[in-house]
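What follows is a short report on a single structure.
The values are calculated or read from the model by the stated rules, or taken from the named source; none is laboratory data. Keep in mind that this is a model prediction, so the values were computed, not measured. Because the Cβ atoms are built from the backbone with ideal geometry, glycine has one as well, and the counts that use them run over all protein chains shown. Each accessible area value is taken on the protein alone, full model and side chains, heavy atoms only, with ligands, DNA and RNA left out. Shrake-Rupley method; radii C 1.70, N 1.55, O 1.52, S 1.80 Å.
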Amino acid sequence: MQKGSRKRINLGENVDKEITLKELYEEHLSYCETRRLSKYTLDTYKRHYSILSQCLGDDYNVSEASMTTVQAVTKALGEKFSDKLTTINSRLKYLRTLLYYGMEQGYCRKFQIKMLNCPQKNKTPLTSDEVEKLLAKPKTQNYTETRGWVIANLVMATGIRSRNVREVKVSDLNIKDKTLYLRDTKSHKPQTIYLTNSITKILAEWLKLTGFKGEVPLFPTVYGEEMNLHVLKRAFSDYAQSRGVKTSLHILRHTYARDLARADVNPVIIKELLGHSSLEVTQRYINLFGEDVRKATDGLDNLAQYQKSRVKLGGNK
């Protein structure tokens, strides 16, 4: 064989298995179930696949997957569903998860799938006045208002995500030890939250008022059922508006993170408190409040205390 006719061997080119998109989806979903991913994650995958199948079709041959496929899906998502970049990226992440699984199984060639460039928007944290309005104790024992008040206090005290607020059970709360156990987090790992005296007292009062026990949701609907995420977010938004504040649970989490950054808490500790998968994620979070932290430290001259006399560069002239 002449040197010019030699062909370099590339891993992933010898795809010898054929499978349709629907078959890949079903196999991947079964795999995720064996890994005991949360119901929330599985339901999210199901919703994303419903949209993806409309872009490619259930019978799409996965062995043909390439960057051209990703580009076609990206275009279809923007034209047929939503042209919002964050929404498109959310659906592309599922496509990437699905195809990367297919690549590992040898169903398609390996290639890198990148998300669209999406500028990070500064989700402005709440002011002290707005936080005080949200955390002011209700004057009446109306169920939905009291529930909103307890949730607001819990998120401001711990920074937990909306999905954890929805999924947490009464049995996950230990008033005596002042801990809250999150069975499943965004990183698919359990996490123990250590509670302050203030939020422990509020949660104890909530249990006393409701009589909730055991494996029931800590924050159910008025009918005692687990709220879906959309209902929870809408219910909290309504609660906040009733207090004269336009906000969301996610902004409340940002406010918690902002307060940690203001207090100059070690980024490693912030990472653990927020349940981030890496310090890079935490740093991006902290960077959102760069201007806020700058203002908090404005005028602080740490060197001044060490300078007995002013030093003039270049000597005396």
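Some observations on this one:
- From the options 137, 110, 93, 114, residue that is open to solvent by 60 Å² or more (accessible area, probe 1.4 Å), in a helix (DSSP H, G or I) and not hydroxyl-bearing (Ser, Thr, Tyr): 93
Yes/no per residue for (1) in a helix (DSSP H, G or I); (2) closer than 30 Å to residue 148 by Cβ:
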| residue | (1), (2) |
| --- | --- |
| 37 | no, yes |
| 40 | yes, yes |
| 47 | yes, yes |
| 68 | yes, no |
| 75 | yes, no |
| 88 | yes, no |
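- Test: residue in the range 163-178 that is among the polar types (S, T, N, Q) and touching a residue at least 60 places away in the same chain (Cβ under 8 Å): no
Yes/no per residue for (1) over 27 Å from residue 41 (Cα atoms); (2) modelled with pLDDT of 90 or more; (3) part of a helix (DSSP H, G or I):
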residue: 184; (1), (2), (3): no, no, no
residue: 187; (1), (2), (3): no, no, no
residue: 192; (1), (2), (3): no, no, no
residue: 200; (1), (2), (3): yes, yes, yes
residue: 204; (1), (2), (3): yes, yes, yes
residue: 209; (1), (2), (3): yes, yes, yes
residue: 215; (1), (2), (3): no, yes, no
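- Candidates in the range 179-209 are the residues that are open to solvent by less than 40 Å² (accessible area, probe 1.4 Å) and in contact (Cβ under 8 Å) with a residue 40 or more places away in the chain; of these, the one that is nearest to residue 140 (Cα to Cα) is 206.
- For the range 65-102, a residue qualifies if it is among the acidic types (Asp, Glu) and at pLDDT 95 or above, but none of them does.
- Within the range 217-233, the set of residues being assigned to a loop (DSSP other than H, G, I, E, B), under 19 Å from the mean Cα position of the chain (by Cα) and not polar (S, T, N, Q) comprises 227 only.
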